[in-house]
């Protein structure tokens with residue numbers, strides 16, 4: 001408290017605040033990436049922006065930059081919808097739907113319980129528990145009126161814990177897992193500029209069309225579907241350089257972090273035991289579901305476990321590839337789960353929130369900075 005009273009960015013020039021934000025983001029992200037934590041850049045950006053915001057900083061990210069970040073995330077998910085994954089899903093679609101739905105159902109149950117216990121306002125707990133791509137869930141939760149800040153807190157805590165447990169299990173069963181190159185190995189790889197220009201034009205065009213049409217979460221969803229269709233039809237291959245994705249991860253992190261007020265952080269930490277308990281229970285239940293999946297498909301237990309892992313699709317892909325597992329199977333089920341949550345998430349959130357008592361609104365109306 002005293003540090004907050006003695007130091008403030010209130011009277012600092014905006015360029016100075018941005019310099020502090022970028023420097024702190026690089027420092028925190030570097031530490032997280034060095035520790036091989038998933039989404040390290042985005043997490044570092046969230047913490048940095050939240051810190052600046054809590055010291056009265058005013059480093060707002062423009063709405064156009066926010067739309068670009070959503071389009072990039074949609075394109076990143078579309079890149080994973082390769083023909084091999086789609087073929088795997090089409091061949092055994094009843095199995096994938098049942099397996100993906102079981103994870104979504106278990107996660108929705110935990111979200112409903114957290115809502116029933118009045119730990120979070122509105123549908124926030126439900127969105128925070130849904131096991132989709134974490135960044136996609138944050139964006140969609142905001143579009144559907146949930147508290148983006150608390151959803152981010154729940155989603156990224158789950159991503160970290162799920163990835164940590166999956167990494168430990170993979171290292172136990174497959175000692176070579178994780179020994180390969182990390183996500184920054186090709187950070188400075190040459191860029192196919194013509195393909196990148198086409199990709200950028202298509203994704204941004206789709207995002208701004210969705211924005212003009214006021215499609216809920218459209219700046220993420222429309223680029224995702226357009227990009228996947230263009231790539232899998234052979235029209236063109238999506239080119240998303242790691243440097244471009246890193247920039248957009250940081251932008252999204254700043255958008256989320258700048259909305260973390262002191263009241264939000266205090267409230268989130270008060271609910272931390274319940275969040276941790278729900279994540280641990282979710283991991284355990286998904287591990288139990290993976291035993292059933294392994295018995296039905298005759299896949300090895302580690303492949304089944306990673307396929308049923310509730311979140312962290314990027315981290316799961318890296319672990320599965322380095323452990324030389326059945327990567328198409330793992331990614332097919334992970335992609336099916338992500339798509340299922342994106343498509344039915346709003347309906348699930350509305351249904352579950354209607355089945356739960358009205359949640360506390362103690363955080364409504366706080367003076368969080370808006371995205372301009």
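The values are calculated or read from the model by the stated rules, or taken from the named source; none is laboratory data. This is a predicted model, so every value here is computed, not measured. Reconstructed Cβ throughout: ideal geometry from the backbone, glycine too, with neighbour counts over all protein chains shown.
Considering the stretch 243-265 alone, what residues qualify as being crowded, with 24+ Cβ neighbours inside 10 Å and more than 27 Å from residue 76 (Cβ to Cβ)?
Across the stretch 243-265, there are no qualifying residues.
Listed here are the residues, each with its yes/no results for (1) surrounded by 14 or more Cβ atoms within 10 Å (Cβ to Cβ); (2) closer than 18 Å to residue 82 by Cβ; (3) touching a strand residue (DSSP E or B) at 6+ places or on another chain (Cβ under 8 Å); (4) in contact (Cβ under 8 Å) with a residue 12 or more places away in the chain.
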position	(1), (2), (3), (4)
194	no, no, no, no
199	yes, yes, no, yes
205	yes, no, no, no
213	no, no, no, no
217	yes, no, no, yes
222	yes, no, no, yes
226	yes, yes, no, yes
229	no, yes, no, no
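When you scan the stretch 277-289, do you find a residue that is in a loop (DSSP other than H, G, I, E, B), modelled with pLDDT of 80 or more and out of contact with any helix residue (DSSP H, G or I) (no Cβ under 7 Å at 6 or more places or on another chain), even just one? Step through it out loud before you land on a result.
Step one: filter the stretch 277-289 for residues in a loop (DSSP other than H, G, I, E, B), giving none.
Scanning the stretch 277-289, I find no residue that is in a loop (DSSP other than H, G, I, E, B), modelled with pLDDT of 80 or more and out of contact with any helix residue (DSSP H, G or I) (no Cβ under 7 Å at 6 or more places or on another chain), so the answer is no.
Testing residue 24 on (1) within 20 Å of the chain's Cα centre (by Cα); (2) not in a loop (DSSP other than H, G, I, E, B), one condition comes back false. Which one is that?
(1)
If you check 45, 39, 72, which single one turns out to be within 13 Å of residue 258 (Cα to Cα) and either surrounded by 20 or more Cβ atoms within 10 Å (Cβ to Cβ) or under 19 Å from the mean Cα position of the chain (by Cα) (or both)?
Values: 39 fails: within 13 Å of residue 258 (Cα to Cα); 72 fails: within 13 Å of residue 258 (Cα to Cα).
On inspection, the qualifying residue turns out to be 45.
Among the candidates 324, 299, which residue alone is over 30 Å from residue 72 (Cα atoms), touching a residue at least 24 places away in the same chain (Cβ under 8 Å) and part of a loop (DSSP other than H, G, I, E, B)?
After applying the criteria, what remains is 299.
Only one residue in 349, 268 is touching a helix residue (DSSP H, G or I) at 6+ places or on another chain (Cβ under 9 Å), surrounded by fewer than 23 Cβ atoms within 10 Å (Cβ to Cβ), touching a residue at least 24 places away in the same chain (Cβ under 8 Å) and assigned to a helix (DSSP H, G or I), so which one is that?
268
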